[in-house]
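Participant: Input: one structure, supplied below.
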Amino acid sequence: MIKWRKSSHSGGGSDDACVEVARMTDGIGMRDSKTPDGERLGFTTREFSGLVTRIRRGELDVRQGAAGSVA
């Protein structure tokens, strides 16, 4: 059984919409908690670690008015 987890910063409740992650046999899985049976992303442990590092550094922050930003 896969145990999906989400950040305590999301409120941790079952109704909160956020990204969930789980350890898989071949790496790390990621899904949207609003659509748990929908599309999922898969990462090697190294790829996921790199993603987390870039997020913590703010390298992937969407800036208001930036090209490609979501309104």
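Taken together, the values in this text are just the output of simple stated rules run on the coordinates, not laboratory data. What you see is a predicted model; the values in this text were computed from it and never measured. Neighbour counts run over all protein chains shown; Cβ positions are idealised from the backbone, glycine included.
Participant: How do 28, 55 line up, fewest other C-beta atoms within 10 Å first?
Facilitator: 55, 28
Participant: Still on this structure: So for 21, 62, 52, fewest C-beta neighbours within 10 Å to most, what's the order?
Facilitator: Ascending Cβ contact count within 10 Å gives the list 62, 52, 21.
Participant: Let me ask something additional. Just subtract the alpha-carbon distance of residue 37 and residue 23 from 0.36 nm times their residue separation and send over the number in nm, one decimal.
Facilitator: So the chain would gain 3.4 nm between residue 37 and residue 23.
Participant: Test of the criteria: in region 1-60, which trypsin sites (Lys or Arg not before Pro) are in a DSSP loop and have at most 14 other Cβ atoms within 10 angstrom of their Cβ?
Facilitator: 3, 34
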